[in-house]
Amino acid sequence: MNSPMHKLLLIEDDARQASMLGDFFAAAGMQLTARHTAAAGLAALKEERFDALLLDVMLPDGDGFDICRTVRTFSDIPIIMLTARGEETDRIVGLEIGADDYLPKPFSPRELLARIKAILRRGRGGGAESAVSRFGRLEISPAERTARLDGNTLNLTGYQFDILHILSRHAGRVMSRDALMDELKGHELEAFDRSIDVHISRIRAQIEDNPKQPTRILTIRGAGYVFARVQE
């Protein structure tokens with residue numbers, strides 16, 4: 001039986017680029033729906049189910065960062081931000097407000113496809129792990145792809161859940177950025193990219209009583225991160 005076609009939503013004001021990407025993804029077995037304004041894109045996202053959102057930062061009627069914040073109030077869809085502004089600070093802002101990935105223009109459609117596949121692959125999960133793991137007040141459910149603190153579901157992106165899940169599976173073991181990226185199954189990041197640090201800061205903000213003095217996810221200077229088994 002053939003796998004269902006993945007449906008992508010692109011919010012991009014450059015109609016020529018949208019058309020080119022539509023043809024490229026169709027050849028890769030994916031359906032791309034393009035909307036050229038923020039308003040039209042948000043309306044489409046509320047009316048139809050998509051597997052991933054490709055979001056341009058600079059739009060005629062809105063800022064992609066604001067749109068990302070709005071989307072996160074009603075959807076946990078994976079978001080890849082696309083922008084001509086490739087500064088590291090812009091990438092960090094995008095990740096901090098809930099984006100899963102960030103790709104500066106000009107980019108190769110092949111690289112964008114690879115990143116989408118990596119996000120979709122993580123979203124499917126491995127299928128073998130279903131038991132809920134409990135660490136004091138924190139519960140992690142791989143089957144539901146959710147984490148709860150004191151019974152309250154945390155607002156994590158798919159990428160952030162994967163990081164938390166990987167660290168918790170290796171509780172007590174120091175994991176370097178490289179080891180984390182290896183387990184994240186092909187998510188390509190430049191060596192200078194701080195995205196792992198940003199995502200971990202976002203996770204800490206939700207699971208730590210005091211994110212500035214973490215007790216669950218510890219930074220080991222020069223080595224990486226370790227998930228500590230907190231006694232509560």
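Each value in this text was obtained by applying a stated rule to the coordinates, not by laboratory testing. Since this is a predicted model, take the numbers as computed values, not measurements. Heads up, the Cβs are rebuilt from the backbone with ideal geometry, glycines too, and the neighbour counts pull from every protein chain shown.
What distance in nm separates the simple spin-label points at Phe74 and Ser133, each placed 7 Å from Cα in the Cβ direction?
Going from the Phe74 label point to the Ser133 one covers 3.4 nm.
How high is the relative contact order of region 6-124, in percent, counting Cα pairs under 8 Å that sit 6 or more residues apart?
23
With the contact rule set at Cα under 8 Å and sequence spacing of 6 or more, what percent relative contact order holds for region 1-62?
45 percent.
Return the distance in nm (one decimal) between the two label points of a simple spin-label model at Ala205 and Lys46, each offset 7 Å from Cα along Cα→Cβ.
2.5
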